[in-house]
Amino acid sequence: MSGALDEAGVPRFCRGIKFRHDAVRGAWVVLGPERAFLPDAPAVEVLRLIDGARSLGGIIDDLAARFDAPRAVIAEDVGVMLRDLSDKGAVTL
Amino acid sequence: MSASTSESAPPLAPPMGLIAEMTHRCPLRCPYCSNPVALDRAGDELDTDTWLRVLDEAAALGVLQMHFTGGEPLARRDLPLLVRRAADAQLYTNIITSGVTLDERMMARLIEAGIDHIQLSFQDVEAANADRIGGLAGAHGRKLAAAQRIREAGLPLTANFVIHRQNIARVPAMLELAEALGASRSEIAHVQYYGWGLRNRDALLPSRAELDATTATVEAARARLKGRMVIDYVVPDYYAARPKACMSGWAQRFIHISPTGRALPCHAAESLPGFTFVSVRDVPLADIWRADPAFLRFRGTAWMPEPCQSCDRREIDWGGCRCQAFALTGDAARTDPACALSPDHAVMAAAVAARGEAPPDFVYRQFSAADPVG
Ligand code: SF4
Ligand code: SF4
């Protein structure tokens with residue numbers, strides 16, 4: 001993986017991307033043009049914190065407070081996940 | 001027709017997307033149009049109330065994305081109303097349009113209705129050639145204006161380019177245009193050779209060298225534009241060693257509805273003999289998805305012949321495209337000849353050999369020959 005992401009940055013969903021709960025499947029879904037996928041449970045925890053206001057650092061802090069894992073490990077996981085979603089055109093960092 | 005049902009079928013997942021082919025009317029006449037060769041008439045189209053009911057049924061069934069397409073979906077005056085109903089049901093709404101009739105007023109109505117995304121098709125980057133391919137003078141200029149309008153409205157834009165031997169040299173310029181238009185996504189899609197495309201195959205099929213050069217261009221652009229513009233690339237089957245997972249598998253993820261209301265597992269399915277496709281006028285969408293014999297016919301793997309039956313890719317590509325298998329072998333239940341393991345694979349090389357040095361004239365898309373064009 002290339003360098004760490006800037007924790008001051010504010011992740012946002014790209015224009016045209018929707019993240020919502022689907023009652024029929026009982027699952028969260030990410031929807032975009034010609035794209036639809038069901039993120040796994042850890043990804044859902046991250047995506048639910050993307051509100052266009054919270055910084056990446058803030059998201060990591062929130063997860064670190066709620067989940068029993070070292071902050072550095074969470075930061076690494078969140079970084080990999082968001083970079084992947086950014087490459088797919090779902091979020092901007 | 002025999003409906004093959006597998007004994008140990010896993011629970012059926014809901015469909016992800018509904019493709020609503022609103023109409024076959026279109027101001028353009030692209031010689032590769034994915035509409036069937038026998039086009040539906042305006043007077044036979046599904047009425048607004050039925051569409052509204054189908055949208056509600058789709059949402060209840062678990063459909064997540066609504067693709068409004070055609071023909072030209074903007075030819076339906078009720079499109080904004082239908083978009084609004086879909087948006088109210090929390091469906092992701094996408095319109096696939098040629099853009100030539102997307103004026104200021106229609107744009108405003110679609111925004112107000114809650115449209116999420118518009119995909120705009122281009123025939124080329126050179127206006128004269130674009131207008132020649134689409135068979136409509138002035139179309140390209142109107143598309144550029146439509147792209148601007150979409151972006152000014154704050155909507156994400158996908159720029160779709162269908163490519164073939166008569167425009168493939170300009171793929172680099174197409175990607176530049178998509179970038180300049182502010183597209184968040186572009187599609188470089190080789191013609192798919194069913195229906196009109198198959199009829200015009202010699203006029204459209206590129207050479208292997210052209211295909212390879214384009215693939216390299218797309219890969220370089222993907223690396224350069226990472227995080228800024230997503231590029232979807234669709235290759236032609238004629239140089240492939242494995243087929244595409246057509247529709248992500250027959251009746252696995254999508255329902256397609258024709259202008260007159262027939263429910264299809266794929267847009268070209270009406271080309272297959274021996275099928276009766278029911279109408280959404282008569283049968284609830286959930287029943288069609290679960291139990292319609294046409295949907296069950298090629299769903300899953302039980303129907304497969306060898307070499308697919310014992311192949312470890314059978315749940316990756318689902319044996320390829322049924323319509324291509326029928327068009328090229330006369331039997332929809334054979335392995336897609338695009339697969340190098342298919343006993344019929346030689347037909348692909350034969351088609352490449354037959355394409356000739358210079359492309360023949362186009363046979364433009366039109367309502368059946370007995371009727372006046374347009
Ligand atoms: S492919 Fe061309 S003719 Fe067919 S619906 Fe699209 S714009 Fe119209
Ligand atoms: S044999 Fe059938 S399942 Fe295997 S790769 Fe070819 S088409 Fe796909």
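Coordinate-derived values only; no laboratory data. Just so we're clear, the structure is a prediction, and the values are computed from it rather than from any experiment. Cβ placement follows ideal geometry from the backbone for every residue including glycine, while neighbour counts extend to all protein chains displayed.
Structure data summary
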{"quantity": "10 Å Cβ shell holding at most 16 others, DSSP loop, GluC sites (Glu not before Pro): longest site-free stretch of chain B", "calculated": "B:127-314"}
{"quantity": "Whether the range B:114-240 is rounded, prolate or oblate, judged on the alpha carbon gyration tensor where a/c under 1.5 counts as rounded", "calculated": "oblate"}
{"quantity": "Antiparallel bridges, percent of DSSP beta bridges restricted to chain B (to nearest 5)", "calculated": "10 percent"}
{"quantity": "Global form of the range B:253-374, assessed from the alpha-carbon gyration tensor, a/c cut-off 1.5", "calculated": "oblate"}
{"quantity": "Net dipole in debye of the range B:132-261 [+1 Lys, Arg Cβ; -1 Asp, Glu Cβ; about Cα centre; nearest 20]", "calculated": "160 debye"}
{"quantity": "Cβ-defined net charge surrounding residue B:87, 13 Å radius [Lys, Arg +1; Asp, Glu -1]", "calculated": "+1"}
{"quantity": "Calculated SAXS-style log₁₀ I(q)/I(0) at q = 0.16, 0.17, 0.25 Å⁻¹ - the range B:30-85, Debye, Cα scatterers", "calculated": "-0.59, -0.66, -1.15"}
{"quantity": "Relative frequency of Cα-Cα separations exceeding 18 Å in the range A:12-88, percent", "calculated": "41 percent"}
{"quantity": "Angstrom value of the Kirkwood radius, inverse mean 1/r, which spans all Cα pairs in the range B:1-146", "calculated": "16.7 Å"}
{"quantity": "Dipole-positive endmost among B:225, B:319, B:157 within the protein assembly as shown (Cβ charges, Cα centre)", "calculated": "B:157"}
{"quantity": "Dipole magnitude of chain B, debye to nearest 20 (Cβ charges: Lys/Arg +1, Asp/Glu -1, about Cα centre)", "calculated": "440 debye"}
{"quantity": "Taking N as its residue count, the alpha carbon Rg of the range B:290-362 over 2.2 N^0.38 Å", "calculated": "1.31"}
{"quantity": "Only Lys, Arg (+1) and Asp, Glu (-1) charged, at Cβ; the range A:12-88 dipole about Cα centre in debye", "calculated": "380 debye"}
{"quantity": "Net charge over other residues, Cβ less than 13 angstrom from the Cβ of residue A:88 (K, R count +1; D, E count -1)", "calculated": "+2"}
{"quantity": "Local net charge near residue B:162, Cβ-Cβ under 11 Å (Lys/Arg +1, Asp/Glu -1)", "calculated": "-2"}
{"quantity": "For chain B, projected area of the alpha-carbon convex hull averaged over all directions, nm²", "calculated": "18.2 nm²"}
{"quantity": "Convex hull volume per residue for the range B:212-265, taking Cα atoms only, in Å³", "calculated": "141 Å³"}
{"quantity": "Relative frequency of Cα-Cα separations exceeding 32 Å in the protein assembly as shown, percent", "calculated": "42 percent"}
{"quantity": "Relative contact order for the range A:12-88, counting Cα pairs under 8 Å that sit 6 or more residues apart, in percent", "calculated": "19 percent"}
